[in-house]
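The values are calculated or read from the model by the stated rules, or taken from the named source; none is laboratory data. Treat the numbers as computed from the prediction; the structure is a model and nothing was measured. Ideal geometry is used to build each Cβ from the backbone, glycine not excepted, and the neighbour counts take in all protein chains shown. When the accessible area is computed, the model is the full protein with side chains, heavy atoms only, and any ligands, DNA or RNA have been set aside. Shrake-Rupley method; radii C 1.70, N 1.55, O 1.52, S 1.80 Å.
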Amino acid sequence: MAETSVAEVMAELAALEDPKARKVNEKHGDDHGVNLGKLRALAKRLKTQQELARQLWETDDTAAKLLATLICRPKAFERDELDAMLRAARTPKAHDWLVNYVVKKSPHAEELRLAWSADPDPVIASAGWALTTERVAKKPEGLDLAELLDVIEADMKGAPDRLQWAMNSCLAQIGISHAKHRDRALDIGERLEVLKDYPTPPNCTSPFAPIWITEMVRRQQDE
């Protein structure tokens, strides 16, 4: 599908719309009805098309934005462009895919991590924490993990949902990846009780940090 037009792609996405999928997605704040497996299949067929990706992101359509993250060249975006894209993401899934599939692969990821973490908008700040969690796991050199735990301990309990979730993920990752800080991470999780009662499906690990940390460490030791 060389040089595909936005109109052609939007028509394909409209044809994939499934009312049942939309109903499920809307419960999570995502206003689209496209099965994600079919969306990924469409992305595979389109291959990488940076200009098309930019145009799809500029639509106000969530499915189009998701597709854009799958067919773009992450390193081709400028820093300010990625910042504007995050602020226009609008739905949780578009926000998450932009951060995970695009920003994490960008040369601007560290600069954006610092800027977003300090942003007064809690949704933007949650993206900064997601990038921090990535660094905790993969490139912790230069991070002050004790200071991160100080901030989590002080702010996570009262944080809005998306920001709280991102801070909790960082707390868990510190406990999982860094034995030196594990006891403190477990203690903070136990005392704050954030997501302690989160409904967790069978065979899934609870997002409650003490359970999450303990389970992932157990798996690492079993390997």
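Tabulated data for the structure shown
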item: Check on Ala89, of a type in the set (A, V, I, L, M), open to solvent by less than 10 Å² (accessible area, probe 1.4 Å) and touching a residue at least 40 places away in the same chain (Cβ under 8 Å); result: no
item: Failed criterion for Ala137 (all others in (1) in contact with a Leu (Cβ under 8 Å, 6 or more places away or on another chain); (2) open to solvent by less than 60 Å² (accessible area, probe 1.4 Å); (3) part of a helix (DSSP H, G or I) hold); result: (1)
item: Subset tally (residues that are within 15 Å of the chain's Cα centre (by Cα) and among the acidic types (Asp, Glu)) for region 148-174; result: 1
item: Qualifying residue in region 151-170 (condition: exposed (fewer than 12 other Cβ atoms within 10 Å of the Cβ), of a type in the set (A, V, I, L, M, F, W, C) and at pLDDT 95 or above); result: yes
item: Criterion (open to solvent by 10 Å² or more (accessible area, probe 1.4 Å), charged (D, E, K, R) and more than 23 Å from Pro107 (Cα to Cα)) met by exactly one of Glu58, Glu8; result: Glu8
item: Among (1) closer than 24 Å to Val9 by Cβ; (2) open to solvent by 60 Å² or more (accessible area, probe 1.4 Å), the one test that Ala94 misses; result: (2)
item: Pair list, Cβ under 9 Å, 6 or more apart: region 4-32 residue closer than 15 Å to Ala43 by Cα and assigned to a helix (DSSP H, G or I), other residue of a type in the set (Ser, Thr, Tyr) and modelled with pLDDT of 90 or more; result: Val6/Thr59; Met10/Thr59
